[in-house]
2 protein chains.
Amino acid sequence: MTSSATQAASQGKAPTKAVVLLSGGLDSTTALAWALAQGWTCTALSVDYGQRQRVELDRAAAVAARLKVPRRQVALDLRAIGGSALTDDALAVPKDRDEGRMAQDVPVTYVPARNTILLALALGLAEVTGSDRLVIGANAIDYSGYPDCRPEFLRAFEALAGLATKAGTEQGVRFRIEAPLLSLTKEGIVKLAVALKAPLELTWSCYDPQQSGAGWRVCGRCDACRLRQKGFAEAGVQDPS
Amino acid sequence: MTSSATQAASQGKAPTKAVVLLSGGLDSTTALAWALAQGWTCTALSVDYGQRQRVELDRAAAVAARLKVPRRQVALDLRAIGGSALTDDALAVPKDRDEGRMAQDVPVTYVPARNTILLALALGLAEVTGSDRLVIGANAIDYSGYPDCRPEFLRAFEALAGLATKAGTEQGVRFRIEAPLLSLTKEGIVKLAVALKAPLELTWSCYDPQQSGAGWRVCGRCDACRLRQKGFAEAGVQDPS
């Protein structure tokens, strides 16, 4: 039991409950480790949205098992909506973009309204599990330019959440969106992950995995690979994955 | 071509494009007929979320075909989240609730965060189709007490939508949530539907359909059946379905 959980228990308070969006990547795994370190009782939520990097779902399962967190997986076929290289095999994942370019354009790997959809599902699960924290590994510093990773988006979702739910309107629950990585650099995220002993060796970041024998290997050149490499390099940490 | 569409074309303006959430029920079918009457180019979106009233999805397909509107159907297994009689066969659909009771309690047929999830998916499809209107048949008068049918919820989602998307942040698209039935009584909805020649004979409202030979029959006693009966009775219209 963490110190916060011990504290909550000794004061007879119910522990804080959180739903943590867990893709199986570096960021969401670190966010989960952070939520556990707060002493919160966590439920992980993974969404199989038809992403080409399906291997990340297995990694999400492995991370949740390692951290002894119950996990739900929701199947949602976003290929019926399309519009992203992550859900449409006809669109290529961009490679070798430099950081300036990443900050400037929203790339084709952007999944329309993805974080709105993910947070909406997390909100539904939060109601069912009696949780009032929604934890997301969004990051607005070293990121791919996605609009739904910015703080103003997260605040707008927080405003929506209370109005959207039975818990918010009948029981007065005040949902909070927790984005502990929001203002960290990728280097900072790696250092936080190491400090929290997050199981980085289980995580998966690549958008465009290549089959390799019975397993998968990373492409090394998509935005997600490049940001991960940069983070580990700047933190002076060897990537264990 | 409707008069608005003719007008838009004669002025050389691109027609307004809308995504219309279409469950196959009375309300969403009327909302679709209303959007078409505005001269908008519509794409219907139905979500197979594991609802027990699966027959409504066939009706949604029939309505879209009749009105010559393209339709996408997204599969989303909300049974992994649960918490509602509509997605959990172990929970019974309440019957014979009177109107006072409906207005007072959020019933067990409430699907946690459903309209947030549906609007999030509609927002994704709006980005992909270049639409800036999201049309939803939400109603806050003769309804089952769901929090996510209220005007303040819809306004909060509108605020979120621009911040959530590439279209909103890069292209300056201002998304609007259109809920044309919001302030109508069920009687008013039936009258509007009749005036718009909406194909009411194709619609399905019952939450708890009973198998009947090769087809389905309505239970007649759930909130959805009772509200529908009331609407047709007060409008003095025979239900053609």
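Values quoted throughout were computed directly from the atomic coordinates according to the rules given, and no laboratory measurement underlies them. The shown structure was predicted, so the numbers you read here are calculated from the model rather than taken from an experiment. Note that each Cβ is placed from the backbone with ideal geometry, even for glycine, and that neighbours are counted across all protein chains shown.
Couple of notes before you dig in:
- Given +1 at the Cβ of Lys and Arg, -1 at the Cβ of Asp and Glu and no other charges, the dipole of chain B around its Cα centre is 540 debye to the nearest 20.
- Exposure proxy order (Cβ contacts within 10 Å, fewest to most) of B:Arg59, B:Arg101: B:Arg101, B:Arg59
- Angle between chain B longest axis and helix B:114-129 axis [Cα atoms, degrees, rounded to 10]: 30
- Each label was represented as a point 7 Å from its Cα along the Cα-to-Cβ direction; for B:Lys95 and A:Val194 these points are 6.5 nm apart.
- Placing a label point 7 Å from the Cα of B:Ala14 along the Cα-to-Cβ line, the residues of segment B:157-194 whose backbone N sits under 20 Å from it are B:161-178.
- By the helix-only formula, in which each DSSP H run with n ≥ 4 contributes -39500 (n - 2.57) and the sum is divided by residues, the protein assembly as shown has a 222 nm mean residue ellipticity of -12000 deg cm²/dmol.
- Local charge for B:Ile81 was computed over the other residues whose Cβ lies under 11 Å away, with Lys and Arg +1 and Asp and Glu -1, and equals 0.
- Cα-based reach from A:Lys191 at 27 Å (exclusive), listing lysines while leaving out same-chain residues under 8 positions away: A:Lys17, A:Lys68, A:Lys95, A:Lys230
- FRET E, pair B:Arg217, A:Gln171, Förster distance 35 Å, beta-carbon r, rounded to 0.05: 0.45
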